[in-house]
1. Would you work out which of F59, A293, Q217 lies farthest towards the positive end of the dipole of the chain? Charges go on Cβ: Lys and Arg +1, Asp and Glu -1.
2. How many angstrom lie between the C-alpha centres of region 64-88 and region 232-289?
3. Using helices alone, what [θ] at 222 nm do you get for the chain, with -39,500 (n - 2.57) per DSSP H run of 4 or more residues, divided over all residues and rounded to the nearest 500?
4. Give the lysines whose C-alpha is closer than 17 Å to that of K327, dropping any in the same chain fewer than 8 places away, or say none.
5. Compute the angle between helix 5-18 and the longest alpha-carbon principal axis of the chain, please, reported from 0 to 90 degrees and rounded to the nearest 10.
6. Please state the equivalent ellipsoid semi-axes for region 73-199: what are the square roots of 5 times the Cα gyration tensor eigenvalues, largest first, in whole Å?
7. Place the peptides 247-254, 87-94, 111-118 in order of packing, highest mean first, counting for every residue the other Cβ atoms within 10 Å and averaging per peptide.
8. Give me a comma-separated list of calculated 3J(HN,Hα) values for region 129-137, in order, Karplus coefficients 6.51, -1.76, 1.60 applied at θ = phi - 60°, integers in Hz, x for any Gly or Pro.
Amino acid sequence: MQKQLPILFFFGFVLLLFSQQLSAQGCVAIRPMSGCAGTASNSILLGKGQWQVGANYRFYQSFRHFKSDTEQKERLEKHTEVINDAHSIDLGISYGISNRLSVSANLPFIYYDRSSLYEHYGNSTTANPEQKRFHTGAQGIGDARLSASYWIFNPEKHINHNLAVGLGVKLPTGDANVQDEFHRRKATDGGDSTIVKAADQSIQLGDGGVGISLELQGFTSLFKNASLYFNGFYMSNPKETNNTVNRIITANSTEIDKITEFHSVADQFVARVGMNYVVLPSKGLAVGLGLRAEGVPAKDLVGGSNGFRRPGFIVSAEPGVAFQRGKFAFSVNVPYALYRKRTRSVADIAGGNDANGIPRNGDAAFADYSVNVGLVYRFGGQKHMMDETSK
């Protein structure tokens, strides 16, 4: 058993490296929620009656525009890019009903800042000769999430491999209709004026729908102190659109305008695979490296897919490091984008080809990387064997 304890110890770090918020790095609007990175919950290794409280901070800045998988480099050259700065802190609490079954509740607190030219005076030097950039933003709580996770095999008997399934519900606690001021030129003298309308979908605090998540994760030992991990997550949002107005419909509105009248309540997904290695078992230090893919599909699994959305996905390399000592555990990982693609939405497809005969494809801004920092504390109940290794 002593030879197998490093595996258990490592597995705790797999958990920590996984416990990140899902928040796509840019205008592809995935709601930030802890656990949505693919783990069933951040308490999957809790003993019976054991509690865990934690916080996870995430930051990214998106500014690189893509149509399909082609970067619009001219946006940076002309300084017309949209810049989204996103900060979020997710607070979570988990409880071990047994050594195999645990439940969790999570609530994110979010701060978004978005700056652009096109949403205000415009990108062109004719409409915006001084190339003025203005800001909009959103601050507050995001969508809460309740989840449960269950290990298929008894963790005490299957320490070298296991598989867990999870089921969760997302509640629309975040404001999906945050309003802000947008700047306009006065027609009379060219002076500044403002109008109030909905902020961009990428910085809304919630999506306005109840979602159901199905989650799967597993691991298997490769060699001493090293293991292969994989996990997947899919959030289904049956509601088609919320009440947030994307554009005003008039008698002259096109079919595309009508499709994108309101914000879409979109599905979201993530998949991860990689390897973790316990560098210093006695010191509680582990490192990991994997691949991570996350995004928003063009069409939902259940329900309609109309409404305004920017579907797309990101594939990232995901290095990480974790440290555990006693009842505390700390982790940092930094997914770095390898491939980004803004896929065609329902509205893009309905729009057919442009004047040059090229299929219409909207754009989205993506980040180069994100930073994730997590801290958890466990107390009460029965300890897992992995807890003994951190003494």
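1. Q217
2. 19 Å
3. Details: 5 runs with 33 residues, N = 391.
Value at 222 nm, helices only: -2000 deg cm²/dmol.
4. Cross-link targets: K48, K283, K383, K391.
5. Here the helix axis deviates by roughly 10 degrees.
6. Equivalent-ellipsoid dimensions as semi-axes: 48, 17, 9 Å.
7. On the way: 247-254: 10.0, 87-94: 20.6, 111-118: 18.5.
The packing order, highest mean first, is 87-94, 111-118, 247-254.
8. Working through the residues one at a time gives x, 8, 6, 6, 10, 10, 10, 10, x Hz.
Bear in mind that the values in this text are calculations on the coordinates, not laboratory data. Since we're looking at a predicted model, the values are computed, not measured. Cβ: placed from backbone, ideal geometry, glycine included. Neighbour counts: every protein chain shown.
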